[in-house]
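Working notes, beginning with the structure itself.
The values are calculated or read from the model by the stated rules, or taken from the named source; none is laboratory data. This structure is a prediction, so every number in the text was calculated from the model and none was measured. Cβ: placed from backbone, ideal geometry, glycine included. Neighbour counts: every protein chain shown. Each accessible area value is taken on the protein alone, full model and side chains, heavy atoms only, with ligands, DNA and RNA left out. Shrake-Rupley method; radii C 1.70, N 1.55, O 1.52, S 1.80 Å.
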Amino acid sequence: MFGRFGWAEILVIVVLVLILFGHNKIPGMMKNLADGINVFKKELKNKQIKKDDAGKSLNKKENGDVKKVGAAKIKNAPIKKTSAKKSK
């Protein structure tokens, strides 16, 4: 019932979209849709890269190549200095 659209049905849908949104807003909506799709693809790619990196780091830990960087990170961490307020 809904699976096959002819040219007449598609034309009616396009006309309704133009009436509802107007010709000025449609390009902006399409740009936002394209930007959203691009961000989604980029995040999927980054997730795949992180997943691959996690697998490599697990293999290094199993081989005994673990680097100890925790203490160096803490030692070089920026310190916020706050001044104590004197009470009267």
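For every residue, the table says whether it meets (1) modelled with pLDDT of 85 or more; (2) part of a helix (DSSP H, G or I); (3) surrounded by 10 or more Cβ atoms within 10 Å (Cβ to Cβ).
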| residue | (1), (2), (3) |
| --- | --- |
| Arg4 | no, no, no |
| Val17 | yes, yes, yes |
| Leu20 | yes, yes, no |
| Lys47 | yes, yes, yes |
| Ile74 | no, yes, no |
| Ser87 | no, no, no |
Taking Ile79, is it open to solvent by 100 Å² or more (accessible area, probe 1.4 Å), at pLDDT below 90, among the hydrophobic types (A, V, I, L, M, F, W, C) and outside any helix (DSSP H, G or I)? yes
